[in-house]
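The values are calculated or read from the model by the stated rules, or taken from the named source; none is laboratory data. Everything numeric in this text was worked out from a predicted model, so none of it was measured. Note that we place each Cβ from the backbone using ideal geometry, even for glycine, and neighbour counts take in every protein chain shown. Just so you know, the surface numbers come from the protein's heavy atoms only, side chains and all, with ligands and any DNA or RNA stripped out. Shrake-Rupley method; radii C 1.70, N 1.55, O 1.52, S 1.80 Å.
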Amino acid sequence: MWSSPISHEHLEAASPTPLRLIPLGGLGEFGLNAMVLEWEDHVLLLDAGLLFPNAELPGVESIVPDFRYLAERRDNLRGILLTHGHEDHIGALAFALQAAPAPVYGSPLTLGFVRKRLRERGRSADLRVLEPGTPVQAGPFRVHAIRVAHSVLDSFALAIETPAGVVLASGDFKIGASGPPLERTDTEALSAWGDRGVLVLLSDSTNVECPGKTADEDDVLPAFEAVLARTPGRVLVSCFATSIPRIQRVADLAREAGRFVAFVGRRMVDNAEVAMDLGLLRLPLSSLTLADRIADSVAPNRLLAFVSGSQGEPLSALSLVSQGEHRDLAVGPGDTVVLSARAIPGNERTVSRLISNLYRQGADVVHPGTARVHVSGHGSQEDLLELLRLTRPRYLVPVHGEYRMLAQHARLAARHGFPGDRVVVAEDGDALSFGPLGARKEARVAAGRILLDRSGQGGIEDVVVRDRRQLSSDGVVVPVILLDKRTGSLESVPEIVSRGFMDARPGAELLAEARSLVAEAVDGRPAEERLDHELTKERVRRELRRFLKKRAQRRPMVVPVVMEV
Ligand SMILES: [Zn+2]
Ligand SMILES: [Zn+2]
């Protein structure tokens, strides 16, 4: 069953130069998808995604892959290929282009989303449409798009012909066999590539822990019908702003139920516009209503609004609604809010708080834990096995997931008879080589993450984030040391100020003790340190840290201030 059409003889006939694959992100986490494909000195980049941070990274707005490896090959990059329009695949494109400018290939909808994002950053790029049936040539590579089913329309798997063999990247996919044509994976095209011979299959591992097959979008219809039937007031639906197939279905139901449809929140409005322009979202103008007139012009029982912010993002429209602070929209008794998305791992607490706040406003909340208002866009075990059977690759490289998913994907394949020595479980920065001598891992390359703050400019140093984390757990302690300008000796007993450190009384008693400790440390300096403030600060920091750790089991940030009089 797994006899790949690529025999040993085939490989000898192919290029003696091996093909190299280097994941810069996405193998070991959900997000940051970015895979470098390299043959001789020609380079392609597959996807350029970001990662949304969680509460453990205070003040960090987004995370992008470290594109140093690409920057070092900036003259050799032949193209950037985008599989689909999700942020974890396109969100770091501006940074990839900064590292190495190149033509960007993607489906019309993907490029529509990309154009908006780039414009926000004041950038432009050479965007080229990629469509099934019309392959494009990028350097020595020939790229074919294959339609796949996923939660955003116009998603592709890519078959990339290289002189060393065919690489097939699944992108994010499920099989979706019973969906309408645009929402179905083109299994015939996949199996045709299987017949021709696939050297390496890169396959989505997100839902490898789910048995069976992933359901189609139509599965959400009954739950939404029930919500519309029983809600006397407004219905708010929050899903990813890219989930066009779901938005279409829910909007159709709303219209049948005599409700106007509104889009609230910048992302929601932007993406709906892009999809409507391309004819991928079809809503009659008569059923649309403008966001800034909702409160006055539409009776609650005539409204269904799609609202950004299903992950509880602090400044999103839904988050403002949940706190009664949105300009155009409010909820109360009789209204229902549907969270039609799964909480991204790490966001569970934020989403839970959002739900509580919506209940405080008096609204009813329906979410994937209480009704079938969401289906995944990623394939379960049966979908993954079907892709493997269709494409019969020589090698399988599980991608898109935490290490545990990649490892389980390898085991799933092995359990179904795929030869274990032809599965390569790799992590970010591993350089994989596929050639006549087989597959092997070469020396690792530079790969990592760049943390961005709200401005999206420059990287936040890891140390900044570490400091913020330390501040959030144990607070800050500031000893203020007054020294004689000429002699460097202590002028008075040091003051110690603290914030977020300990409860008032035990904290004050401890810090009173610490004052004499700091005084001793300053007095006890050797002569050569007396006029060196940096050494003085370092000594105080060290002593005070040791003391607070021993006496209070705390590790606040200690920031000594030295002043001269
Ligand atoms: Zn996706
Ligand atoms: Zn993805």
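Here are the numbers:
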read-out: Charge dipole (the chain, unit charges on Cβ, about Cα centre) - positive-most of Ile496, Ala229, Gly346; value: Ile496
read-out: Per residue accessible area in Å² of the chain, where ligands, DNA and RNA are left out and the probe is 1.4 Å; value: 43
read-out: Cβ-based charge dipole, the chain, positive-most Cα from Ser170, Leu432, Met557; value: Met557
read-out: Crossing angle, helix 187-196 versus the chain [Cα axis fit, 0-90 degrees, rounded to tens]; value: 90
read-out: Cβ-based net charge around Phe52, under 10 Å, with every Lys or Arg adding one and every Asp or Glu removing one; value: -4
read-out: Gyration tensor verdict on the chain (Cα atoms; rounded if a/c is under 1.5, prolate if a/b is larger than b/c, oblate otherwise); value: oblate
read-out: Over the chain, relative contact order from alpha-carbon pairs under 8 Å, at least 6 apart, %; value: 16
read-out: Estimated [θ] at 222 nm from DSSP helical runs (n ≥ 4, -39500 (n - 2.57)) normalised by residues in the chain, nearest 500; value: -9500 deg cm²/dmol
read-out: Cut-off 13 Å between beta-carbons: net charge of the residues surrounding Pro393, Lys and Arg +1, Asp and Glu -1; value: +4
read-out: Separation between Cα centres of the stretch 198-236 and the stretch 327-365, rounded to whole Å; value: 19
read-out: Cα-centre dipole for the stretch 108-155 with unit charges at Cβ (Lys and Arg positive, Asp and Glu negative), debye to 20; value: 220
read-out: Neighbour net charge for Ala94 - beta-carbon separation under 11 angstrom, K R +1, D E -1; value: +3
read-out: Within the stretch 323-417, GluC sites (Glu not before Pro) in DSSP loop having at most 16 other beta-carbon neighbours inside 10 Å; value: Glu325, Glu402
read-out: Relative contact order [Cα under 8 Å, 6+ residues apart], the stretch 274-368, whole percent; value: 26
read-out: Cα→Cβ-extended label distance, 7 Å offset, between Cys210 and Arg415, nm; value: 1.7
read-out: Tilt relative to the chain, helix 462-474 - C-alpha long axis, 0 to 90 degrees, to 10; value: 60
read-out: Distance (nanometres) between label positions extended 7 Å along Cα→Cβ at Arg121 and Leu182; value: 2.8
read-out: 16 Å Cα-Cα reach of Lys537 towards lysines, excluding residues that sit fewer than 8 places from it in its own chain; value: Lys485
read-out: Inter-site label distance for Lys549 and Asp532 at 7 Å from Cα along Cβ, in nm; value: 2.3
read-out: Candidate lysines - alpha carbon under 16 Å from Lys213, same-chain residues fewer than 8 apart omitted; value: Lys174
read-out: Percent accessible area from carbon and sulfur atoms, the chain, protein chains only, probe 1.4 Å; value: 49
read-out: Charged-residue dipole, Cβ positions (Lys, Arg, Asp, Glu), the chain about Cα centre, Debye nearest 20; value: 780
read-out: Loop-resident sites, the stretch 164-212, for GluC sites (Glu not before Pro), counting at most 10 other Cβ within 10 Å (DSSP); value: none
read-out: Whether the stretch 67-187 is rounded, prolate or oblate, judged on the alpha carbon gyration tensor where a/c under 1.5 counts as rounded; value: oblate
read-out: Magnitude of the charge dipole, the stretch 412-565, Cβ model with Lys/Arg +1 and Asp/Glu -1, debye to 20; value: 580
read-out: Degrees separating the helix 244-256 axis from the principal Cα axis of the chain, which is the longest one; value: 80
read-out: Selected from Gly417, Leu111, Gln311, residue furthest toward positive end of dipole (the chain; charges at beta carbon); value: Gln311
read-out: Cβ-derived FRET efficiency at R0 45 Å, Arg128 paired with Arg469, nearest 0.05; value: 0.60
read-out: Paramagnetic reach from Leu221 in the stretch 248-271 [backbone N under 12 Å; point 7 Å along Cα→Cβ]; value: 249-250, 252-253
read-out: Rg over Rh [alpha-carbon atoms, Kirkwood Rh] for the stretch 118-230; value: 1.07
